[in-house]
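Here is the structure we will look at.
The values are calculated or read from the model by the stated rules, or taken from the named source; none is laboratory data. Since we're looking at a predicted model, the values are computed, not measured. Cβ placement follows ideal geometry from the backbone for every residue including glycine, while neighbour counts extend to all protein chains displayed. Ligands, DNA and RNA are stripped out before the accessible areas are found, and what is left, the full protein with its side chains, is counted by its heavy atoms. Shrake-Rupley method; radii C 1.70, N 1.55, O 1.52, S 1.80 Å.
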Number of protein chains: 2
Amino acid sequence: MSTRISRCTLLLDHSPSILSWASIVGKKEGEGPLSQYFDLICDDTTLGEETWEKAESGMQKRAVTQALEKAKLAAADLELLFAGDLLNQCISSSYGVRDLNVPFYGLYGACSTMAEGLSLASIFADNQLANLAAAVTSSHFCSAERQFRQPLEYGGQRPPTAQWTVTGSGAAIVTKQGKPPYVRAVTTGIVTDLGIKDINNMGAAMAPAAASTIQTFLKDTNTRPEDYDLILTGDLGIVGSTLLYQLLEKDGIDLAPVHNDCGKMIYYMEEQDVHAGGSGAGCCASVLCSYILPQIQQGALQNVLFVATGALMSTTSFQQGESIPCIAHLVHLSSQPAPPGAQTP
Amino acid sequence: MSTRISRCTLLLDHSPSILSWASIVGKKEGEGPLSQYFDLICDDTTLGEETWEKAESGMQKRAVTQALEKAKLAAADLELLFAGDLLNQCISSSYGVRDLNVPFYGLYGACSTMAEGLSLASIFADNQLANLAAAVTSSHFCSAERQFRQPLEYGGQRPPTAQWTVTGSGAAIVTKQGKPPYVRAVTTGIVTDLGIKDINNMGAAMAPAAASTIQTFLKDTNTRPEDYDLILTGDLGIVGSTLLYQLLEKDGIDLAPVHNDCGKMIYYMEEQDVHAGGSGAGCCASVLCSYILPQIQQGALQNVLFVATGALMSTTSFQQGESIPCIAHLVHLSSQPAPPGAQTP
C-alpha cells in the first residue's frame, strides 16, 4: 500500500524494486562520458530501418526486450507497460510495443515521461496491482528535429540556449519484491507556465516546473537537499539548471551541491558541440537506465531524487503564440527500503 | 484494494463511485438525438477563441470545472487528473488543465483515452491512492480534420467508411465512497494490428482491438454478453460495429443484442450526413458523461461495459506506409457495488 502524505506525494510503503533496466543510445551519445554504461550503442542510428520514426520505435522495443532478458523474463510476464514519447500521437511507443503483446497504457508527458511511467509502474507494484510493470520512453534526434524544428537538410543555426535531442531509449521493470534500487516515493507534477515562449530555450521553460515539484517533495517529506546524494533533473541543461538554482535560492534552498542534470551528463558539452546540453524523453531515460540505477544498486548512491521535466507544447501551439506549459514528476530512489511504519521516506 | 484476476483484468473490490461528470459538445452534436442530455451545447464551436485548438482546450477545462461544480468541489480538491486527446503533443489537455493547478498525468490513448483515464482514476480511488481522481478528454472536428486529414477549406469528398470527428468533451470524477454509478472492474488493452492501412476506415482498424478486449474480459470474469444491459464501444461506427459482431461470432459470441456504439448514438446518422458515424476521443467521453452515467445512476442500466477503442497511428506513420495499431480499454460500470468478497464482478 501507498500512503498519500499530500495532494501530490505518495509514499510507497513496500518500497517496490526496480528489478531490471536497459538503455540504448545512438552514436553521438555513445561517444559521450557515459559510453561504457549503455547496454547498446547504435553506430547506425537508423537501426537498419527506412525511417527515423521506425528506428525510434525499434529502440523502445529493444530497450524493453533487453531489460526483460537481463531479468530472464519474457514479455508475456509483464502485466503492464507504461510508455510514451515526443512524436505526434506517440508513435514510437505504439509501434514499439505493437509486437510485444503486453497490456499497455500510453502516456504523454514529453521529456517527463520516464518519471511519469516509472511513478505509475511503481505505484502499481507497491499496491500489488501488478507483479511486473514496466516503463519505457525514447527520443531520436532526427525524428524530433524534423518534427519540432526544421528539416535536417536545412542546417539552421542553433542559438546557445538550444539543446540537442538525445537519440536513446531507457526501460525499467518494477516489481514488489525486494532488492535495490527501491522506489520510496513519487510526487506528481502540476502544470506550470511562467510565460516562456522561446522553443529554443526549453531549459528556461521547464526550470519552474522542476523547482515547484522539488519544493513540494521537500516540504511534504520535511527533508532538505543535503538529505540526498543526488537530485537529478531530466534535461534542463546548463541554462535551465542555473535558473533552477536561482528559483530555489529565493526560498532558501541551495540545490547546487547535490544537483546534476542528465542533459549535462550525457555529452562532453564543449567537445560535442551540444550548446546548452542534451534533451528529449530519451535523455533522462537512458542516463537513469545506464549509469544511475547501478550506482543505487551498489550503494554508491543511497538516496536519489529523479525529477524529469516535460515541455508540453506543440509546433501548433507555438505558431499560435502560446507560451510553454511544463511539468515535472519526481521519483525517490534509494539503496534501502523504507523502514517499517515510516511516514517519511 | 483491487484484485488482479488475469494479466489484463483488475477487479476493483471496493467499487469506487463516479461522483460527478459533465459533458460539453458543439452545435452539430447538440442537434443529435442526445441533445437534451449534454450539460452545455456550444452553438459557436470556437468558444470565442481565436483558434480551434484553443477552443478544444477550453472545452476540457469547462468539462472538468462543470463536473467539479456539480459535486460542489473545487479544483483544489482533486488529487489527480488523467487527461489526453488527439492533437499533436496532447495540447488540448496540457493547455486545458494549465490553469487548474491540479496534479496531472498526461495520457495518450487516442479515442480510447476516456476508458484509459477512467480506469486509472478508478484504480487510484479503489486503492485509496487518491480521494478524488478525475479523467477528461476531448476532440474537435476542426482541429482534428486539419491535423489528420485536409484543410477544412479544401472540402474533400469523404468515403462512406469515413467517420465524423465529434466536437465534444467529457469529464468524470471518481471517489472511493459510495453511490452509483460504480466501477467494478477494468481490463487493460493490448495493442492489436491486423494490417488495416486505410485512415478513412478507422472502424475496421479498431474492431479487432475491441473484440480482443471484450473477449478477454468475458473470459476472465466467466460472463457472457447477456449478463450486461449494454456493451458500449467508443467510436467503431457502423462499419466497425458490424466487423466487431463478425469477429466475435467466430468464437460463438453474439454481441449484437446488447451492443451499441457511441459513434452511432451521438448523431442522426442519415439526416446529419455523418457517413459511418461519430468518432474522436470526445465522442465516447461526451456520450458516457451525458446519457449513460445517469442511466446507471438511476438503475435503468444495471451493468454496462464501456469499451473505448483508439487508433494509435499518426499522419507520419500513415505516410510511411504503416498499418494502424489499435487498442481498446474496458471499464465495467454498474448500478450496484460488488458484493463483499466477490471474485467475479
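Of all residues in region B:75-87, how many are open to solvent by less than 10 Å² (accessible area, probe 1.4 Å) and in contact with a Cys (Cβ under 8 Å, 6 or more places away or on another chain)? Can you show your working first?
Here is the first cut: in region B:75-87, the ones open to solvent by less than 10 Å² (accessible area, probe 1.4 Å) are B:78, B:80-85, B:87.
Filter once more, keeping what is in contact with a Cys (Cβ under 8 Å, 6 or more places away or on another chain): B:83-84.
Residues flagged as open to solvent by less than 10 Å² (accessible area, probe 1.4 Å) and in contact with a Cys (Cβ under 8 Å, 6 or more places away or on another chain) within region B:75-87 amount to 2.
Out of A:Ser35, A:Ser17, which single residue is farther than 30 Å from B:Ala74 by Cα, away from chain B (no Cβ under 14 Å) and surrounded by fewer than 17 Cβ atoms within 10 Å (Cβ to Cβ)? Break it down into steps so the answer makes sense when it comes.
Working: A:Ser17 fails: surrounded by fewer than 17 Cβ atoms within 10 Å (Cβ to Cβ).
Unique residue meeting the criteria: A:Ser35.
Taking the conditions exactly as written (at pLDDT 95 or above, more than 16 Å from A:Ser93 (Cα to Cα) and of a type in the set (Ser, Thr, Tyr)), does A:Thr167 satisfy them or not?
For A:Thr167, the condition - at pLDDT 95 or above, more than 16 Å from A:Ser93 (Cα to Cα) and of a type in the set (Ser, Thr, Tyr) - is not met.
Take B:Ala63 and tell me if it is at pLDDT 95 or above, open to solvent by 40 Å² or more (accessible area, probe 1.4 Å) and either among the aliphatic types (A, V, I, L, M) or under 26 Å from B:Ser241 (Cβ atoms) (or both).
Taking the combined requirement at face value, the residue does not satisfy it.
Quick check on region A:185-201: of everything there that is open to solvent by 20 Å² or more (accessible area, probe 1.4 Å) and either touching a Gly at 6+ places or on another chain (Cβ under 7 Å) or assigned to a strand (DSSP E or B) (or both), which residue is nearest to the other protein chains (Cβ to nearest Cβ)?
A:Ile190
How many residues, within region B:26-43, are over 15 Å from B:Ser143 (Cβ atoms) and more than 19 Å from the chain's Cα centre (by Cα)?
Count: 4.
Does region B:80-92 include one or more residues that are farther than 18 Å from A:Gly84 by Cβ and at pLDDT 95 or above? Break it down into steps so the answer makes sense when it comes.
The first filter runs over region B:80-92 and keeps only residues farther than 18 Å from A:Gly84 by Cβ, leaving none.
Scanning region B:80-92 turns up no residue that is farther than 18 Å from A:Gly84 by Cβ and at pLDDT 95 or above.
Could you run through region B:150-182 and say how many residues are within 14 Å of chain A (Cβ to nearest Cβ) and either aliphatic (A, V, I, L, M) or part of a loop (DSSP other than H, G, I, E, B) (or both)?
2
Looking only at residues in region A:256-274 that are crowded, with 19+ Cβ neighbours inside 10 Å and more than 17 Å from A:Ala115 (Cβ to Cβ), which one is nearest to the chain's Cα centre (by Cα)?
Among those residues, the one meeting the criterion is A:Lys264.
Given the options B:Thr316, B:Thr309, name the one that is over 14 Å from B:Ala204 (Cα atoms), among the polar types (S, T, N, Q) and within 14 Å of chain A (Cβ to nearest Cβ).
Values: B:Thr309 fails: over 14 Å from B:Ala204 (Cα atoms).
Among B:Thr316, B:Thr309, only B:Thr316 is over 14 Å from B:Ala204 (Cα atoms), among the polar types (S, T, N, Q) and within 14 Å of chain A (Cβ to nearest Cβ).
For region B:88-120: of the residues being assigned to a loop (DSSP other than H, G, I, E, B) and facing another protein chain (nearest Cβ under 7 Å), which is most open to solvent (accessible area, probe 1.4 Å)?
Step one: of region B:88-120, the residues assigned to a loop (DSSP other than H, G, I, E, B) are B:98-102, B:108-109.
Filter once more, keeping what is facing another protein chain (nearest Cβ under 7 Å): B:98, B:101-102, B:108-109.
Values: B:Arg98: 50, B:Asn101: 89, B:Val102: 6, B:Tyr108: 11, B:Gly109: 2 Å².
So, considering only residues that are assigned to a loop (DSSP other than H, G, I, E, B) and facing another protein chain (nearest Cβ under 7 Å), the one most open to solvent (accessible area, probe 1.4 Å) is B:Asn101.
Listed here are the residues, each with its yes/no results for (1) open to solvent by 10 Å² or more (accessible area, probe 1.4 Å); (2) under 19 Å from the mean Cα position of the chain (by Cα); (3) more than 23 Å from B:Gln36 (Cα to Cα).
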{"residue": "B:Gln246", "(1), (2), (3)": "yes, no, yes"}
{"residue": "B:Cys283", "(1), (2), (3)": "no, yes, no"}
{"residue": "B:Gln298", "(1), (2), (3)": "yes, no, no"}
{"residue": "B:Leu312", "(1), (2), (3)": "no, yes, yes"}
{"residue": "B:Thr316", "(1), (2), (3)": "yes, no, yes"}
{"residue": "B:Pro325", "(1), (2), (3)": "no, yes, yes"}
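Are any of the residues in region A:42-59 in a strand (DSSP E or B) and more than 14 Å from every other protein chain (Cβ to nearest Cβ)?
yes
Looking at A:Met206 and the list (1) of a type outside the set (Val, Ile, Thr); (2) at pLDDT 95 or above; (3) open to solvent by 40 Å² or more (accessible area, probe 1.4 Å); (4) over 28 Å from A:Pro337 (Cβ atoms), which single condition is not satisfied?
(3)
Where in region B:259-336 are the helices (runs of 4 or more DSSP H), entirely inside, with at least 2 residues that are polar (S, T, N, Q)?
Numbers: elements: B:262-265, B:281-287, B:293-297, B:315-319.
Here the list reads B:293-297, B:315-319.
Based on what the data block shows, is A:Val136 buried (at least 20 other Cβ atoms within 10 Å of the Cβ), more than 14 Å from chain B (Cβ to nearest Cβ) and farther than 19 Å from A:Thr315 by Cα? I'd like the intermediate steps shown before the answer.
Working: buried (at least 20 other Cβ atoms within 10 Å of the Cβ): yes; more than 14 Å from chain B (Cβ to nearest Cβ): no; farther than 19 Å from A:Thr315 by Cα: yes.
Taking the combined requirement at face value, the residue does not satisfy it.
If you check B:Gln128 against the conditions, is it at positive phi, within 12 Å of chain A (Cβ to nearest Cβ), crowded, with 20+ Cβ neighbours inside 10 Å and out of contact with any Gly (no Cβ under 7 Å at 6 or more places or on another chain)?
no
Got at least one residue in region A:282-296 being free of Cβ contacts under 8 Å to residues at least 24 places away in the same chain and of a type outside the set (A, V, I, L, M)?
yes
Suppose we filter B:Lys27, B:Lys72, B:Lys54 for residues that are open to solvent by 20 Å² or more (accessible area, probe 1.4 Å), touching a Cys at 6+ places or on another chain (Cβ under 8 Å) and either among the small types (Gly, Ala, Ser) or at pLDDT 95 or above (or both); which single one remains?
Residue meeting the stated conditions: B:Lys27.
Going residue by residue through region A:61-70, is there one that turns out to be more than 9 Å from every other protein chain (Cβ to nearest Cβ), under 19 Å from the mean Cα position of the chain (by Cα), in contact (Cβ under 8 Å) with a residue 24 or more places away in the chain and assigned to a strand (DSSP E or B)?
Looking through region A:61-70, none of the residues is more than 9 Å from every other protein chain (Cβ to nearest Cβ), under 19 Å from the mean Cα position of the chain (by Cα), in contact (Cβ under 8 Å) with a residue 24 or more places away in the chain and assigned to a strand (DSSP E or B).
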